[in-house]
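Values quoted throughout were computed directly from the atomic coordinates according to the rules given, and no laboratory measurement underlies them. These figures come from a predicted structure and were not determined experimentally. Every residue, glycine among them, receives a Cβ derived from its backbone with ideal geometry; neighbour counts consider all protein chains shown.
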Amino acid sequence: MRVPIVLVHGLRTSGSMWRPQLDALRAQGRTVVAPDLPGHGHRRGEEGFTLEAAVETVREAIDEVGGRALVVGLSLGGFVSIATAAIYPERVAGLVAASCSARPVNALAHMYRIPTVLLERLPDKGLAVNERFHRLMLDAAGAEAVLDGGLAMEAARGVIDAISDMDVLGFLGSYPGTVWLINGTRDHFRIHEKLFLNACVDGRLLAVPRAGHMVNLDQPEVFTKIVADAADAVTARIIEPREEPRSPAS
């Protein structure tokens, strides 16, 4: 039986951003789910985003598909998935952490607080600006996948505050399973990728050409294949029969 897959979305977006992967992986007969994190998608309006609540959302999704899964996260979803793997290693059969190879320390987080504060001053909290950005940076299908789930502009500040003091390298180092670190070659969030790789007990680092931060939508076929290959690798390790110990010679 193939290992199920849980896809975890990025900041402001929702599970709908995984539409290309959901369609393609389900067409292969795989079990795949993409939950909405607190304050995002159908859960917009929930206040007080916390890393703990986000991790529990992923844990619940894993339990819904059988109790063990390959967890795939992008950007915010990558940080949440790393934390989930560290806290619930027995449930995370393997981890794909995309577009999140930058330590979310206070200095870096401060760079994102400034535009967030400026956007919050706009009547629509910057919704129109973000919609135009996605339509400019992605093809039509990719932009619709993101926008169909809505953009939770109001969630940004709380998420940044919740993630800024996360010990992401410590979390990576405490997870014993295989980690695939995936970054687009044009992504500004890959500045610490070698530190991330070195922190992994069993890590792989892959750069996707002609892709930016939304690597799953910039190169959907390539990204889907990476996820499928990772799921197959994890499945093979789980079902591989163990060699029975030999009985002592009489």
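Quick check on the exposure proxy: order GLU193, GLU154 from fewest to most C-beta atoms within 10 angstrom.
GLU154, GLU193
Per DSSP helix of 4 or more residues, -39500 (n - 2.57); summed, then divided by the residues of the chain. What does that give at 222 nm, rounded to the nearest 500?
The helix contribution divided over the chain gives -13500 deg cm²/dmol.
For the range 1-115, how big is the tail of P(r) above 23 Å, as a whole percent of Cα pairs?
The answer is 26 percent, as a whole percent.
As I understand it, the value is the acute angle between the Cα axis of helix 51-64 and the longest principal axis of the Cα atoms of the chain; what does it come to in degrees, rounded to 10?
Helix 51-64 and the main axis of the chain meet at about 50 degrees.
Can you figure out the FRET efficiency of HIS42 with ILE239, using R₀ = 51 Å and their beta-carbon distance, to the nearest 0.05? Walk me through the numbers before you get to the answer.
Working: r = 35 Å, r/R0 = 0.68.
Computed FRET efficiency for HIS42 and ILE239: 0.90.
Working out 0.36 nm times the residue gap between VAL105 and ARG204, then minus their Cα-Cα distance, what length gain in nm do you get to one decimal? If you can, show how the numbers build up before the last one.
Details: separation 99, 0.36 × 99 = 35.64 nm, distance 2.31 nm.
Taking 0.36 nm per residue and subtracting the Cα distance, the gain is 33.3 nm.
What's the ranking of 198-208, 15-25, 222-232 by average number of surrounding C-beta atoms within 10 Å, highest first?
The peptides rank, most packed first, as 15-25, 222-232, 198-208.
For the chain, what is the Kirkwood estimate of the hydrodynamic radius, computed as the reciprocal of the mean inverse distance between distinct Cα atoms, to one decimal in Å?
18.4 Å
Just order 6-12, 45-51, 173-179, 34-40 by mean Cβ neighbour count inside 10 Å, highest at the front, would you? Don't skip to the answer; put the middle values down first.
Numbers: 6-12: 25.9, 45-51: 14.3, 173-179: 18.1, 34-40: 23.9.
In descending order of packing, they fall as 6-12, 34-40, 173-179, 45-51.
Multiplying the sequence separation of ASP63 and ARG26 by 0.36 nm and subtracting their Cα-Cα distance, what value in nm do you get? Could the numbers behind the result be given before it?
On the way: separation 37, 0.36 × 37 = 13.32 nm, distance 1.85 nm.
Using 0.36 nm per residue and subtracting the Cα-Cα distance, I get 11.5 nm.
Would you mind telling me which residue in VAL71, VAL146, VAL234 has the biggest mean-square fluctuation in a Gaussian network model of the chain, where springs connect alpha carbons within a distance under 10 angstrom?
Most flexible of the set in this elastic network: VAL234.
Calculate the dipole size of the chain relative to its Cα centre from +1 charges on Lys and Arg beta carbons and -1 charges on Asp and Glu beta carbons; express the result in debye to the nearest 20. Could the numbers behind the result be given before it?
On the way: 26 positive and 30 negative charges, 101 e Å.
I would put it at about 480 debye.
Angle check, please: helix 76-87 long axis (alpha carbons) against the longest principal axis of the chain (alpha carbons), in degrees 0 to 90, nearest 10.
40 degrees
Want the number for LEU197 to GLU56: 0.36 nm per residue separation, take away the alpha-carbon distance, what's left?
48.2 nm
Would you kindly calculate the translational diffusion coefficient of the range 161-214, applying Stokes-Einstein with the Kirkwood radius from alpha carbon pairs, for 10 °C and a viscosity of 1.306 mPa s, and quote it in µm² s⁻¹ without decimals? Spell out each step's value before the answer.
Values: Rh = 11.9 Å.
It comes out at roughly 133 µm²/s.
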